[in-house]
Amino acid sequence: MKTIAALQAAVTAAPFDGEPSDAELDAIDRELPLILADVDLLDAQIMTIDRTPTELDERRIRRARRRVLAARRVLANTAAGAVA
């Protein structure tokens with residue numbers, strides 16, 4: 001009976017070194033503003049989980065949602081401009 005380790009070379013084209021490739025790091029850098037905006041939105045929403053949101057909380061969540069949408073728009077326009 002063959003072990004899985006013996007067949008790994010046939011299944012895996014290149015060994016995985018555990019580090020992201022340059023292309024993956026570039027993609028993360030491009031998406032970082034959206035990631036940070038999503039984190040801000042989650043923080044604003046988490047603060048209001050166990051209580052009724054105040055007017056300040058609602059404004060904070062609205063601003064965070066607008067930042068997420070703006071970051072998504074910039075990322076989509078950048079991707080569309082790269083394709084064209």
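So the values come out like this:
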| read-out | value |
| --- | --- |
| Paramagnetic reach from residue 30 in the range 59-84 [backbone N under 18 Å; point 7 Å along Cα→Cβ] | 70-84 |
| Contact order normalised by residue count of the range 34-80, Cα under 8 Å, 6+ apart, percent | 54 percent |
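No lab work stands behind these numbers, since they all come straight from the coordinates. Predicted model only: the values in this text are computed from it and were never measured. Note: ideal-geometry Cβ built from the backbone for every residue, glycine included; neighbour counts use all protein chains shown.
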